[in-house]
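Enquirer: Have a look at the structure that comes next, please.
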Amino acid sequence: MTNKDLADLLYPDVTKTIEDLEKMFPPRNLQDNQEVCRFAPSPTGRMHMGNLYASFVPEVFANQSNGVFILRIEDTDNKRAIANGIQLIIDDLENYHYIVKEDPIKGGLYGPYIQTERKEIYHTVAKYLVSIGRAYPCFCSEEDLTKMREQQEQIKDRIGYYGKYAKCRNLSYDEVKKHIEKGDKWVLRLKSEGDFNKKIIFKDLVKGTIQLPENDIDQVLIKSDGIPPYAFAHVCDDHFMRVTIVTRDDSYISSVPYHLELWNACGFKEPKFAHLLPLNKKEGNTVRKISKRKDPEAAVSFYHEKGIPVEAIKLYFATLMNSNFEGWFLQNPDKSYRDFKFTFDKMSKSGPLFDLDKLINISKNYISKLKATEVYETLLNWSYEFDLEFYNLLTKYKNYTINILNIEREQKKPRKDFSCYSEIKKYIWYMYDELFTNLEYEWQNITDQDEIRKILKSYILKYDINDDKDNWFNKMKEVCSELGYASDMKQYKENPGNYKGNIADISNVLRVALTTKAMTPDLYEIMKLLGRDKIEERFNMI
Ligand code: GLU
């Protein structure tokens with residue numbers, strides 16, 4: 001009996017051949033440097049910063065080469081899958097404006113893009129491996145395997161199903177047939193040809209040249225329920241999706257010798273590998289992996305609630321991804337990260353450090369460069385979800401709000417006070433009468449109410465909304481002379497005893513009376529927007 005007979009016995013229903021699959025999923029028509037990369041998550045819950053970054057990397061490499069970025073769902077471990085897990089991942093990638101060419105919803109010529117729908121492909125390749133003598137059925141029970149492991153532990157031998165421990169390796173056709181006829185459960189195992197005492201050398205795009213012992217374990221290719229574990233599934237998928245670079249977590253690196261043996265056994269040309277180090281976080285003196293459980297900033301929702309723009313997060317990812325990005329961006333502040341040429345050799349070999357303060361700083365810079373109308377639109381969307389009272393004001397006073405947001409914006413050195421959308425109200429609330437209640441005035445040097453009223457009265461008699469900035473300032477100086485304050489700081493410093501105070505004290509009184517705040521953006525602009533009536537009204541509140 002031949003291997004081919006064994007293959008037919010094990011997979012009588014598989015009618016396609018590996019050649020058929022090659023024809024169904026032909027090599028892509030790629031130019032020299034076009035790359036096909038994929039993100040292959042398990043649908044176990046909402047994305048977090050770790051896997052958002054892990055998907056940013058292949059997305060960038062695929063799209064910067066004008067290639068293809070694929071989303072493939074690895075759902076073979078159904079114990080961990082959650083009901084709407086696939087949709088959550090698709091939504092997050094969309095929210096972050098990732099360019100995904102093929103995914104479970106869009107489809108594509110190389111689908112299906114969900115592993116549990118690809119069983120026929122796995123079984124076709126499995127049957128092929130049996131037919132060439134590189135795979136065999138194993139009927140060992142859980143009990144047999146536990147006993148074997150215990151024995152290995154006892155004599156301090158390497159754990160695993162290999163060499164003399166691989167009991168089912170040499171079953172005859174008739175023995176297999178008997179088992180099958182009895183309905184015994186079986187798994188399919190690789191017939192490994194590796195030698196643990198020999199080394200395999202391979203190149204990783206991030207980590208460089210790596211040397212590891214060859215695989216000699218007869219690993220499981222197909223479980224008794226017909227589903228393949230990760231390793232065999234990814235080889236079939238990455239080959240027949242014609243992936244050129246496999247990017248994935250660093251934890252897979254020790255399995256590469258086994259994976260390479262599989263690629264080889266199937267007769268597939270292996271792709272390039274790039275093992276990505278996880279995002280780390282500094283905690284005291286130690287560095288640890290960022291954790292979904294321990295770190296609130298690991299959740300995507302954290303940024304969404306705060307209103308940190310996704311583009312700022314991606315800029316931050318770009319700085320984590322390539323050490324030379326930040327310098328380039330400083331030189332090219334108006335360009336998109338998509339204009340930068342990312343390379344694997346500039347990726348951290350020790351794990352990028354996630355630094356929330358830095359991300360917030362990038363966000364500040366990013367928002368400062370937006371047009372007032374852009375800030376307005378995003379603020380409106382954010383508040384619709386998180387602050388309906390504010391949303392209503394923004395809608396009611398649309399143009400007024402855009403003008404407020406435009407103070408010290410769209411200029412060479414724009415204001416940089418907003419680091420996220422949830423913060424904006426904190427900076428501009430006083431511009432809305434509806435919010436101008438429960439006031440706590442931040443008076444500075446002048447706190448006497450009578451003196452404050454005197455200053456406000458003197459000022460309002462002079463104020464003219466049509467004054468240009470110089471005239472506006474001159475009127476403050478006039479108040480100074482009228483009430484015994486120095487309008488010139490130099491003179492004040494020479495003889496402070498001659499004055500009640502100086503022009504800064506006067507402008508502070510105006511500012512605080514109008515806004516309650518001691519620090520605000522340009523007061524001249526604020527007053528122009530408030531208008532005479534509101535100014536008088538607020539002065540009269542004191
Ligand atoms: N499903 C695997 C994981 O979530 C993906 C590994 C890979 O990208 O190949 O870890």
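The values are calculated or read from the model by the stated rules, or taken from the named source; none is laboratory data. Please read all numbers here as calculations on a predicted model, not as lab measurements. Neighbour counts are summed over all protein chains in view; Cβ atoms, including those assigned to glycine, are modelled from backbone coordinates with ideal geometry. Ligands, DNA and RNA are stripped out before the accessible areas are found, and what is left, the full protein with its side chains, is counted by its heavy atoms. Shrake-Rupley method; radii C 1.70, N 1.55, O 1.52, S 1.80 Å.
Enquirer: Can you list the lysines whose alpha carbon is less than 18 Å from that of residue 454, not counting same-chain residues fewer than 8 positions off?
Expert: Correct list for residue 454: 462, 475, 477, 500.
Enquirer: Could you sort the peptides 51-57, 415-421 by per-residue average Cβ neighbour count (10 Å cutoff), highest mean leading?
Expert: 51-57, 415-421
Enquirer: Given H placed on each backbone N at 1.01 Å, which residues far from residue 98 in sequence or on other chains put an amide H within less than 5 Å of it?
Expert: Residues meeting the amide H criterion: none.
Enquirer: Considering only 422, 264, 486, whose Cα is most displaced toward the positive end of the charge dipole of the chain, charges sitting on Cβ of Lys, Arg (+1) and Asp, Glu (-1)?
Expert: It is 264.
Enquirer: Assuming R0 = 45 Å, can you tell me the calculated FRET efficiency for the pair residue 82 and residue 408, based on Cβ-Cβ distance, to the nearest 0.05?
Expert: 0.45
Enquirer: Only four residue types carry charge here, +1 at the Cβ of Lys and Arg and -1 at the Cβ of Asp and Glu. Report the dipole size of the stretch 129-224 about the Cα centre in Debye, rounded to the nearest 20.
Expert: Dipole size: approximately 220 debye.
Enquirer: Considering all projection directions equally, how large on average is the shadow of the alpha-carbon convex hull of the stretch 255-314, in square nanometres?
Expert: 7.2 nm²
Enquirer: Shifting gears a bit: What FRET efficiency do you get for residue 3 and residue 105 if R0 is 60 Å and r is their Cβ-Cβ distance, rounded to the nearest 0.05?
Expert: Calculated value: 0.90.
Enquirer: Here is a further query. Could you tell me what percent of the accessible area of the stretch 1-89 is made up of carbon and sulfur, with a 1.4 Å probe and every protein chain present? Intermediate results must be reported in sequence, preceding the final value.
Expert: Values: 2020 of 4200 Å².
Here it works out to 48 percent.
Enquirer: Which of the lysines could a cross-linker span from residue 127 if the Cα-Cα distance has to be under 22 Å and same-chain partners fewer than 8 positions apart are dropped?
Expert: 4, 16, 23, 119, 167, 177, 178, 182, 185, 191, 223, 269
Enquirer: Send over the semi-axes of the chain's equivalent ellipsoid, whole angstrom and largest first, taken as the square roots of 5 times the C-alpha gyration tensor eigenvalues.
Expert: Listed largest to smallest, the semi-axes of the chain are 69, 22, 20 Å.
Enquirer: Write down the accessible area per residue of the chain in Å², having rolled a 1.4 Å probe over the full set of protein chains.
Expert: Accessible area per residue: 50 Å².
Enquirer: Once you place label points 7 Å from the Cα toward the Cβ at residue 17 and residue 457, how far apart are they in nm?
Expert: 10.4 nm
Enquirer: Hey, any idea what % of the stretch 103-154's accessible area is carbon plus sulfur with a 1.4 Å probe?
Expert: Answer for the stretch 103-154 is 48 percent, counting heavy atoms of protein chains only.
Enquirer: Taking 1 over the mean of 1/r across every pair of different Cα atoms in the stretch 377-519, what Kirkwood radius in Å do you get? Don't skip to the end; give the middle numbers.
Expert: Working: mean 1/r = 0.0574 Å⁻¹.
Result for the stretch 377-519, one decimal place: 17.4 Å.
Enquirer: For the pair residue 335/residue 438, report the inter-label distance in nm, with labels modelled 7 Å from Cα in the Cβ direction.
Expert: 4.8 nm
Enquirer: Taking the 0 to 90 degree range and rounding to the nearest ten, how far is the long axis of helix 142-154 tilted relative to the main principal axis of the chain, both from C-alpha atoms?
Expert: 80 degrees
Enquirer: Considering the stretch 1-150, what Rg and Dmax in Å follow from its alpha-carbon atoms?
Expert: Cα-based Rg and Dmax for the stretch 1-150 come out at 19.1, 57 Å.
Enquirer: Ranked highest first by average number of other Cβ atoms within 10 Å, how do 468-477, 189-198 line up?
Expert: Highest-to-lowest ranking by the protection proxy: 189-198, 468-477.
Enquirer: Give me the one-decimal Kirkwood hydrodynamic radius in Å for the stretch 287-398, with the sum taken over alpha-carbon pairs. Could the numbers behind the result be given before it?
Expert: Numbers: mean 1/r = 0.0628 Å⁻¹.
It works out to 15.9 Å.
Enquirer: If amide hydrogens are placed 1.01 Å from N in the peptide plane, which non-local residues have theirs closer than 5 Å to the one on residue 36?
Expert: For residue 36, the qualifying residues are 68, 244, 245.
Enquirer: Taking Cβ-Cβ under 4.7 Å as the only way to count a partner, pick out the unpartnered cysteines of the chain.
Expert: 37, 140, 236, 266, 420, 480
Enquirer: Straight-line reach from residue 292: which lysines fall under 28 Å, measuring Cα to Cα and dropping same-chain residues less than 8 apart?
Expert: 79, 207, 281, 282, 306, 314, 346, 349, 358, 364
Enquirer: Non-local amide H neighbours of residue 222 (under 5 Å, H modeled in plane, Pro and chain starts lacking H): which ones?
Expert: Amide H neighbours of residue 222: 188.
Enquirer: Once the whole set of protein chains is in place, how much accessible area is left on residue 20, using a 1.4 Å probe, in Å² to the nearest 10?
Expert: Here the accessible area works out near 50 Å².
Enquirer: A further question follows. Need the full-extension length gain, residue 517 to residue 466, defined as separation in residues times 0.36 nm minus the C-alpha distance. One decimal, nm.
Expert: Result for the pair: 15.9 nm of gain on full extension.
Enquirer: Where in the stretch 158-179 does the amide nitrogen come within less than 15 Å of the point 7 Å from the Cα of residue 147, taken along Cα to Cβ?
Expert: Flagged as within label range: 165-168.
Enquirer: Working out 0.36 nm times the residue gap between residue 292 and residue 416, then minus their Cα-Cα distance, what length gain in nm do you get to one decimal?
Expert: Contour length minus Cα-Cα distance gives 41.6 nm.
Enquirer: If the stretch 300-351 were replaced by its equivalent ellipsoid, with semi-axes equal to the square roots of 5 times the Cα gyration tensor eigenvalues, what would those be, largest first, whole Å?
Expert: With the √(5λ) rule applied to the stretch 300-351, the semi-axes are 21, 15, 8 Å.
Enquirer: Lys/Arg Cβ at +1, Asp/Glu Cβ at -1, dipole of the stretch 1-47 taken about the Cα centre: which of 24, 37, 14 is farthest positive-ward?
Expert: Looking along the dipole axis, the top candidate is 37.
Enquirer: If you project the alpha carbons of the stretch 46-113 onto the principal axes, what extent comes out on each, in Å, largest first?
Expert: So the three principal-axis extents are 37, 29, 18 Å.
Enquirer: Also, quick follow-up: Quick one: if you stick a label point 7 Å off each Cα along the C-beta vector at residue 540 and residue 378, how many nm between them?
Expert: So the label points at residue 540 and residue 378 sit 4.0 nm apart.
Enquirer: Continuing with this model, one more query. Give the whole-number value, in cubic angstrom per residue, of the convex hull volume spanned by the C-alpha atoms of the stretch 82-226.
Expert: For the stretch 82-226, the hull spanned by Cα atoms encloses 204 Å³ per residue.
Enquirer: Whole Å is fine, so just give me how far the alpha carbon centre of the stretch 145-209 lies from that of the stretch 311-333.
Expert: 46 Å
Enquirer: Further question: What whole number of Å gives the distance from the Cα centroid of the stretch 398-463 to the Cα centroid of the stretch 373-396?
Expert: Centre-to-centre (Cα) distance: 19 Å.
Enquirer: Another question, if that's okay. Take every Cα pair under 8 Å in the stretch 1-160 that's 6+ residues apart, average their separations, divide by the length, and report that relative contact order as a whole percent.
Expert: Relative contact order of the stretch 1-160: 29 percent.
Enquirer: Something else about it: What fraction of the Cα pairs in the stretch 479-541, stated in percent, has a spacing above 19 angstrom?
Expert: Above the 19 Å cut-off, the stretch 479-541 has 41 percent of its Cα pairs.
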